[in-house]
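Read through the structure below, which is laid out as structure tokens, and then see the notes.
The values are calculated or read from the model by the stated rules, or taken from the named source; none is laboratory data. Computed from a prediction, not measured in an experiment: that's the story for all the values here. Here the Cβ positions follow ideal geometry from the backbone for every residue, glycine too, while neighbour counts run over all protein chains shown. Note: accessible area is taken over every heavy atom of the protein model, side chains too, but ligands, DNA and RNA are not part of it. Shrake-Rupley method; radii C 1.70, N 1.55, O 1.52, S 1.80 Å.
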Amino acid sequence: MLPQRTGLSLQSPLRPLSVLVFHLLLTHSCRGQSQLIGRPQPIVALVGDDIILPCHLEPAVDVAAMTLEWTRPDLNSIAVFAWRAGQDLVHVKDPSYTGRTSLFTDGLKNGNISLKLSKVKLSDEGRYQCYVPDLDKESLVELVVASGSVSSPVITLAGIDEATRGVMLDCRSEGWYPEPEVLWLDGEGNLLSAGPPETVRGPDDLYTVSSRVTVEKRHSNSFTCRVQQKNTNQTRETHFSISNDFFKLLSSSSPVTTGLAVSLAVCIVLLLFVVWKWRKNIISKLHIY
């Protein structure tokens, strides 16, 4: 009987320790099975939109009492949102995100850590990291922001190409972000050869693009300037038609006649500008007195 009692006395102190080790191993194993899922494709938003950056644990784990973080790795890990002990840590958040980020608190028990971002700005564009330190899990979500105030292209007659007797057309469009591309097409939808577009970025970070193409008489004298941004699926286009009579006039006119006509048109524009400037100065002086 003594060996049996001795055996029991040796096993008793080890039993709680064994249970604790088993619990830790089981917990670690369960946590190791959960994956933090974001979204492989970029999220596209327009300025002013309210969006959701997805992030959840699968299988679900209750994270309501854990530490949760959303940061911007591309901007030295700016704190976009921080959650600890059931509280939103507003004081550690970047000021530009104050009042614009939150979690679905009711969904935390189901492992939903998705971030709600309201009133999107151009500066919000970038990569966001969803991170759960307690589980050592992280996931990335990319946000692409586009301007919602792009203008339709404006096509104007720029002049005549004396070498080809073709017509030069200018196209201009404003308010783009990210930077778009410009395409010229004929009436059948074929791409036209044009020079590289000119791009200017304004103080509001929005792009203005312009492009010029020289066109000659075709079966259909209809031409299209298309400005598009593929990442945001934004497209604006304008059609421009030139009459057959205009091309006939070009072909029958001598280079000297055409040059004089263009020069005359330029002179008229300059004269109108000078008159407008003079009237503006006169009105300004009258207001002063």
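Only residues that are aliphatic (A, V, I, L, M) and either modelled with pLDDT under 95 or open to solvent by 40 Å² or more (accessible area, probe 1.4 Å) (or both) were counted in region 67-78, giving 2.
Does Gly189 fit the bill of being of a type outside the set (A, V, I, L, M, F, W, C) and not in a loop (DSSP other than H, G, I, E, B)?
Working: of a type outside the set (A, V, I, L, M, F, W, C): yes; not in a loop (DSSP other than H, G, I, E, B): no.
No: the conditions fail for Gly189.
So, in region 29-80, of the ones that are part of a strand (DSSP E or B) and among the small types (Gly, Ala, Ser), which residue ends up farthest from Leu122 (Cα to Cα)? Looking at the filtered set, the residue picked out is Ala79.
Exactly one residue out of Leu250, Leu264 is modelled with pLDDT of 65 or more, in a helix (DSSP H, G or I) and among the hydrophobic types (A, V, I, L, M, F, W, C), and it is Leu250.
Kindly evaluate Ala158 against the criterion of being in contact with a Leu (Cβ under 9 Å, 6 or more places away or on another chain), crowded, with 19+ Cβ neighbours inside 10 Å and closer than 30 Å to Thr199 by Cα. The answer is no for Ala158. Looking only at residues that are open to solvent by less than 20 Å² (accessible area, probe 1.4 Å) and of a type outside the set (Val, Ile, Thr) in region 136-155, which one is farthest from Asn221 (Cα to Cα)? Selected residue: Ser139. For Phe104, the stated conditions hold: it is closer than 22 Å to Glu142 by Cα, of a type in the set (Phe, Trp, Tyr) and surrounded by fewer than 17 Cβ atoms within 10 Å (Cβ to Cβ).
Does Asp62 meet the test of being farther than 27 Å from Gln229 by Cβ, touching a residue at least 12 places away in the same chain (Cβ under 8 Å), surrounded by fewer than 15 Cβ atoms within 10 Å (Cβ to Cβ) and in contact with a helix residue (DSSP H, G or I) (Cβ under 9 Å, 6 or more places away or on another chain)? Considered against the rule, which asks whether it is farther than 27 Å from Gln229 by Cβ, touching a residue at least 12 places away in the same chain (Cβ under 8 Å), surrounded by fewer than 15 Cβ atoms within 10 Å (Cβ to Cβ) and in contact with a helix residue (DSSP H, G or I) (Cβ under 9 Å, 6 or more places away or on another chain), Asp62 comes out as yes.
Tell me, yes or no, whether region 195-203 has at least one residue that is over 30 Å from Leu143 (Cβ atoms) and part of a strand (DSSP E or B). Even if it seems obvious, please write down each step before you answer.
Step one: filter region 195-203 for residues over 30 Å from Leu143 (Cβ atoms), giving 195.
Keeping just the survivors that are part of a strand (DSSP E or B) gives none.
The answer is no, given that none of the residues of region 195-203 is over 30 Å from Leu143 (Cβ atoms) and part of a strand (DSSP E or B).
Annotation: of all residues in region 126-135 being assigned to a loop (DSSP other than H, G, I, E, B) and of a type outside the set (A, V, I, L, M), the one that is least open to solvent (accessible area, probe 1.4 Å) is Pro133. When Ser96, Ser139, Ser123 are checked against the criterion of being among the small types (Gly, Ala, Ser), closer than 19 Å to Ile51 by Cβ and in a strand (DSSP E or B), Ser139 stands alone in meeting it. Any residue at all in region 238-250 that is closer than 30 Å to Glu125 by Cβ, open to solvent by 30 Å² or more (accessible area, probe 1.4 Å) and touching a Ser or Thr at 6+ places or on another chain (Cβ under 7 Å)? Looking for residues that are closer than 30 Å to Glu125 by Cβ, open to solvent by 30 Å² or more (accessible area, probe 1.4 Å) and touching a Ser or Thr at 6+ places or on another chain (Cβ under 7 Å), one finds at least one in region 238-250, hence yes.
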